[in-house]
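As structure tokens, the structure follows; a few thoughts come after it.
A short reminder: the numbers here are calculations on the coordinates, not readings from a lab. Given the structure is predicted, the values throughout are model-derived calculations rather than measurements. Every residue, glycine among them, receives a Cβ derived from its backbone with ideal geometry; neighbour counts consider all protein chains shown.
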């Protein structure tokens, strides 16, 4: 077993079993090694050097920019799904966002990407609801339906959950285009 600070220790000629390699896996020995002043010094120096590297900063900045682009696209896809609009409008709205000055990038601006974004959002919301139901001691499920003058059906589903003394109601309505979450209390 080797210590993570062994490269720093070798450069400065520190002699230790954890630098040359040890077969002693006792917890006491590892804790004693971690408590030594030179281990703490080199571990702090190693962590500082790693965090300040320009490559690390650049990578973090690139990842943040990509996350912001995806965030805009997820919000757009969410609005389309929530209002029952076609995924074919996704490309048009992304183009509109570019004109408005938002950086949405050039990838994932088609209807297939919108479908994937909405599927991901739906999966996440479904897991949240399932977790709420699993954590609840009691829950009830109710449904009601009606038909409007055009002949379209409207189905409403209610899940009432009692968890930790609070009662929450989750309302769903299904229109002709699918199941839509209306509100959560």
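Please state the shape class of the range 102-147: rounded when a/c is under 1.5, otherwise prolate if a/b exceeds b/c and oblate if not, all from the C-alpha gyration tensor. Each step should come with its number before you reach the end.
On the way: a/c = 4.30, a/b = 2.00, b/c = 2.15.
The shape class here is oblate.
For the range 56-185, just say rounded, prolate or oblate: build the C-alpha gyration tensor, square-root its eigenvalues into a ≥ b ≥ c, call rounded for a/c under 1.5, and beyond that prolate if a/b exceeds b/c, oblate if not. Spell out each step's value before the answer.
Numbers: a/c = 3.48, a/b = 1.48, b/c = 2.35.
Taking the square roots of the gyration eigenvalues as a ≥ b ≥ c, the range 56-185 is oblate.
So how much slack lies between residue 55 and residue 116, counting 0.36 nm per residue of separation and subtracting their Cα-Cα distance, in nm? Intermediate results must be reported in sequence, preceding the final value.
On the way: separation 61, 0.36 × 61 = 21.96 nm, distance 3.16 nm.
Extending this stretch completely gives an extra 18.8 nm.
Which value in nm describes the separation of the simple spin-label points at residue 88 and residue 133, placed 7 Å from the Cα toward the beta carbon?
According to this spin-label approximation, the distance is 3.5 nm.
Where does each of 104, 99 land when they are ranked from fewest to most other beta-carbon atoms within 10 angstrom?
Values: 104 21, 99 7.
Sorted ascending by nearby Cβ count, the order is 99, 104.
Which shape class, rounded, prolate or oblate, goes with the range 67-135 when its Cα gyration tensor gives a ≥ b ≥ c as root eigenvalues, a/c under 1.5 marks rounded, and past that a/b bigger than b/c marks prolate?
It comes out prolate by the Cα gyration axes.
In what sequence do 83, 72 fall when counting other Cβ within 10 Å, fewest first?
Details: 83 10, 72 16.
Ordered by Cβ neighbours within 10 Å, fewest first: 83, 72.
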